[in-house]
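See structure below.
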Amino acid sequence: MKTIVSYCSPHILALEKVAAIPMFLGDNSGTAPAGFADSILRFALDSAFANRYAYCSYTNDAAADNISLLFYDKTKFGFTGIVVTYSNVTDFSTYKLYYKSSGLITGDTIFLYVTLNHTQSGNSSTTRNAQISGEMSQLASIFTALPNMLNMGDFNTHNSSEGCYQTLVSPSNPAFAFSDPPFYPDATYVYPADWDNNPLDFAKNLTTSTRSSSSVPNSCGTSGGGKSWYDHIFLSPPLVSGTMRMRYIPHSYFAVGNDGNRTGISINGLPVNTSAPASVIQAIFQMSNKYPVMASLEVDTSTLVSIVSTRLQSSFAVCYPVHQQLRIRLEGFEKYNTIRVESKDMLGHNISENEVPSADGIIQIPFNGPPGSYILELYNGGSLLGKTLFTK
């Protein structure tokens, strides 16, 4: 069984049904209503998917006037903590998530680390070179090689030759080399690349700015329309190779709302932008001067989906949930006249309960739970026959 999860950086207002949404967001010195992180939950995430998303604890050791926030889909992931923080003008923190799967029953799961960035802007790269160098030194003090890790955010780089960019993609130790998907593995572009001086060559990936004016619709953003590529999602080697059961899906990286015709033009300017629904285009224009960038990962749970009971000499496994039906394969349950199938969410709340005739083979039962992770339990009378986890 394989599950698709998607990641977004750095800014987004209108949301698709994705599994995890890390974002960089400036907190404007904490003046947003109800606190900035809480306002994103209340007015954006919860309004679309009630009680589905959460945000990780965050740091501001640098005492900056902006912070990085990581939001995640709590039906797909759990948050274990911040692994390391490096402070230089702003904080560069690495977060550890675990994928909710049936492997949790036996103590096994898949971990994903996310490092959030917001480097110093400006023509001089001296400070941001030092920031990324310090960040990577901190990671090297924790890991002997990069695990499943996304390194993402606003890097403010003007070309691929900047020191900070080279520190990420071409370090002295290849075990710490990140990949920028449009260059590798997608091979859409080749190095060296200068998106500041040659924006038309990278038109579909430009992220700065969604606005041609610095005062419309407000004065908190930059002007000039699409002119540079500051925002990236870098991939660690295991995410490219899939050796740790999580893999980048080739060519899934893209800038949301950028149709390739935005160089020097607002996201909602002419020619008409049809790369996303008009409401999404307008929402991005209103909220942010940056295009969101997204990438999708495939999670391989094929070794984590079934439980076998040697005592009962029987086994069962969730084949796959399709639409509003759940398919379950049974083996060795023919001794029972009927079995009761219960599904619960990760908090233990009952989602469905069905009494079905017990027979070997595939049974199909109604299941209308929203996307997420669930516990499936089989009973005969009051006796628990077994349980497993599955993801819809």
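Phi angles across the range 236-248 convert, under the Karplus curve 6.51 cos²θ - 1.76 cosθ + 1.60 with θ = phi - 60°, into 3J(HN,Hα) values of 6, x, x, 6, 7, 8, x, 5, 10, 6, 9, 9, 5 Hz, Gly and Pro given as x. Backbone phi angles across the range 270-279, fed through the Karplus curve with coefficients 6.51, -1.76 and 1.60 (θ = phi - 60°), yield HN-Hα couplings of 8, x, 4, 8, 10, 6, 8, x, 4, 5 Hz in residue order; Gly and Pro are listed as x. Measuring only protein heavy atoms, the 1.4 Å probe finds H251 accessible over about 130 Å². The accessible-area ordering, largest first, of the residues F178, F36 stands as F36, F178, per a 1.4 angstrom probe.
The 3J(HN,Hα) values that the Karplus relation (6.51, -1.76, 1.60; θ = phi - 60°) gives for the range 161-174 are, in residue order, 8, 4, x, 5, 5, 5, 4, 7, 9, 9, x, 5, 9, x Hz. Gly and Pro appear as x. Over 29 Å apart at the Cα level, from the set K74/K387; K335/K387; K76/K227, are K76/K227.
A probe of 1.4 angstrom, applied to the heavy atoms of all protein chains, finds W195 with accessible area near 0 square angstrom.
Under 1.5 on a/c is rounded, so check that first for the range 100-174, then, if it is not, pick prolate when a/b is larger than b/c and oblate when it is not; a ≥ b ≥ c are the square roots of the alpha carbon gyration tensor eigenvalues. Judged from the Cα gyration tensor, the range 100-174 comes out prolate (a/c at least 1.5, a/b above b/c). Think of each Lys and Arg Cβ as +1 and each Asp and Glu Cβ as -1; about the Cα centre, that makes the dipole of the range 35-193 roughly 360 debye. The stretch between D196 and S141, if pulled fully straight at 0.36 nm per residue, gains 16.4 nm over its current Cα-Cα span. In this structure, the amide hydrogen of I339, modeled 1.01 Å from its nitrogen in the peptide plane, lies closer than 5 angstrom to those of V356, S358, counting only residues at least 5 positions away or on a different chain. Annotation: extensible slack from T274 through I249 equals 6.6 nm (criterion: 0.36 nm per residue apart, minus Cα-Cα distance). Heavy-atom accessible area for I284, with the other protein chains in place and a 1.4 Å probe, reaches approximately 10 Å².
For the range 83-190, the solvent-accessible area of protein heavy atoms averages 35 Å² per residue (probe radius 1.4 Å; ligands and nucleic acids excluded).
Carbon-plus-sulfur accessible fraction, the range 137-222 (probe radius 1.4 Å, protein heavy atoms only): 52%.
The values are calculated or read from the model by the stated rules, or taken from the named source; none is laboratory data. Treat the numbers as computed from the prediction; the structure is a model and nothing was measured. Here the Cβ is made from the backbone with ideal geometry for all residues, glycine too, and neighbour counts use every protein chain on show. Protein only, heavy atoms only, side chains kept; ligands, DNA and RNA dropped before computing areas. Shrake-Rupley method; radii C 1.70, N 1.55, O 1.52, S 1.80 Å.
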